[in-house]
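Notes to accompany the following structure.
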Amino acid sequence: IHWIATQDVHPPLVVVSARPETAMVLERVRSGFFRREPLEALCHADARRSAQIQLAWGGVRTESPWLFDRLASLSAGNPQALAHLCEALTRVMFSMDPHQRTFTEEHVAKAWSDTSLRVALRALCWDPLADRAEIRAAARAIVECGDDAGKLTRTDLRWAVDKLYDTPLEGAALTDAVTLLQAYGFVEANAASVTLRRVGPALLLPSWVQG
């Protein structure tokens with residue numbers, strides 16, 4: 001990066017695939033040096049169709065088409081989370097009956113509670129952030145101090161992080177923490193407040209911040 005920045009030549013185009021926390025670091029290396037192109041979550045219709053296709057590869061079907069909507073909702077549009085969920089569903093279904101090829105609501109519920117799925121979702125969505133004290137404190141404050149709708153003002157969030165969880169943050173550290181929690185699909189945020197999402201892997205955040 002330093003060599004390119006100091007040469008009087010047209011810089012090459014380099015495509016870097018990075019998680020949100022790495023993208024934030026790269027953007028600060030040199031202002032305007034990188035152009036960020038976020039990969040958006042799958043819309044509900046695309047997630048639903050993807051679940052159908054992935055399960056069809058294994059010959060798995062259902063007599064209740066709305067269950068594909070349930071799978072799409074539980075994935076929150078995260079393609080890798082959806083793949084883990086479909087894998088867990090197939091594993092749970094075959095463990096109950098090796099000859100079963102039609103899944104039901106019971107199979108979906110058991111898959112969502114599957115220990116291996118929970119481990120995979122944590123590794124995908126929470127472990128990349130969990131070693132950062134400011135993110136752990138912000139997530140815990142949002143989970144424990146939000147109102148019935150999971151909403152917490154940014155002012156109250158900063159107070160909770162500073163006072164309740166003894167993690168005083170300087171500068172933009174809390175803003176960055178919220179940005180990353182939003183990028184990973186845990187919260188929705190605006191200039192005034194932060195709200196815990198009640199869908200997909202975000203449903204598991206309360207258990208993760210405690211462990």
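The values are calculated or read from the model by the stated rules, or taken from the named source; none is laboratory data. Just so it is clear, the model here is predicted, and its values are computed rather than measured. Virtual Cβ from ideal backbone geometry, glycine too; neighbours counted across all protein chains shown. In case anyone asks, the SASA skips ligands and DNA or RNA and just uses the protein heavy atoms, side chains included. Shrake-Rupley method; radii C 1.70, N 1.55, O 1.52, S 1.80 Å.
Some notes on this structure:
- Pick from the stretch 177-193, criterion open to solvent by less than 10 Å² (accessible area, probe 1.4 Å) and among the β-branched types (V, I, T), ranking: farthest from R132 (Cα to Cα): V187
- Tabulated pairs, the stretch 162-178, first among the small types (G, A, S), second exposed (fewer than 15 other Cβ atoms within 10 Å of the Cβ) and not in a helix (DSSP H, G or I), C-beta under 9 angstrom, 6+ apart or interchain: none
- Residue within the stretch 110-122 that is closer than 27 Å to A192 by Cα, within 18 Å of the chain's Cα centre (by Cα) and in contact (Cβ under 8 Å) with a residue 40 or more places away in the chain present: no
- Condition broken by L71, with the remaining ones in (1) open to solvent by less than 50 Å² (accessible area, probe 1.4 Å); (2) touching a helix residue (DSSP H, G or I) at 6+ places or on another chain (Cβ under 6 Å); (3) modelled with pLDDT under 95; (4) not β-branched (V, I, T) satisfied: (3)
- W126 fulfils the conditions (1) open to solvent by 20 Å² or more (accessible area, probe 1.4 Å); (2) under 30 Å from H44 (Cβ atoms); (3) among the aromatic types (F, W, Y) except for a single criterion, (1).
- Criterion (touching a residue at least 12 places away in the same chain (Cβ under 8 Å) and assigned to a helix (DSSP H, G or I)) met by exactly one of A149, A139: A139
- Residues of the stretch 94-122 satisfying the condition of being part of a helix (DSSP H, G or I), under 15 Å from L203 (Cα atoms) and open to solvent by less than 70 Å² (accessible area, probe 1.4 Å): A109, A111, W112, L117, A120, L121, R122
- Conditions (1) in contact with a strand residue (DSSP E or B) (Cβ under 8 Å, 6 or more places away or on another chain); (2) within 28 Å of L42 (Cβ to Cβ); number of the one not met by L180: (1)
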